[in-house]
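Undergrad: What follows is a structure written as structure tokens; I'll ask about it next.
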Amino acid sequence: MVLVFSQGKWLNLALPHVIDRLWSKDHIHIYAAVMQKYIEKGFSQEKSSQLGEAYVYKMLCPGLKYDRTTEMEIQSLEEKA
């Protein structure tokens, strides 16, 4: 679990069942913040978790590409950041 402050309150978000050894504490917090942003946008918890992981892996692996829909969803978050 990781704490994220959102909309005036602290939320305890679940982490992926397996966390890649490449993830630092910063990556974990980025994952949680991104996940919460997608939840706020109306995505399900599961989809938000998937997009949070994809976002972190794109940071870790420059040039990594996902399917068109996922890329558009990631880009939509970055445009409003």
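Undergrad: Kindly check whether there is at least one residue in the range 64-78 that is of a type in the set (A, V, I, L, M) and loosely packed, with under 15 Cβ neighbours inside 10 Å. Working first, answer last.
TA: Step one: list which residues in the range 64-78 are of a type in the set (A, V, I, L, M), which gives 64, 72, 74, 77.
Those still in the list that are loosely packed, with under 15 Cβ neighbours inside 10 Å too: 64, 72.
Yes, the range 64-78 contains a residue that is of a type in the set (A, V, I, L, M) and loosely packed, with under 15 Cβ neighbours inside 10 Å.
Undergrad: Mind counting the residues in the range 33-81 that are farther than 19 Å from Trp23 by Cα and of a type in the set (Gly, Ala, Ser)?
TA: The qualifying residues number 4.
Bear in mind that the values in this text are calculations on the coordinates, not laboratory data. This is a predicted model, so every value here is computed, not measured. Note: ideal-geometry Cβ built from the backbone for every residue, glycine included; neighbour counts use all protein chains shown.
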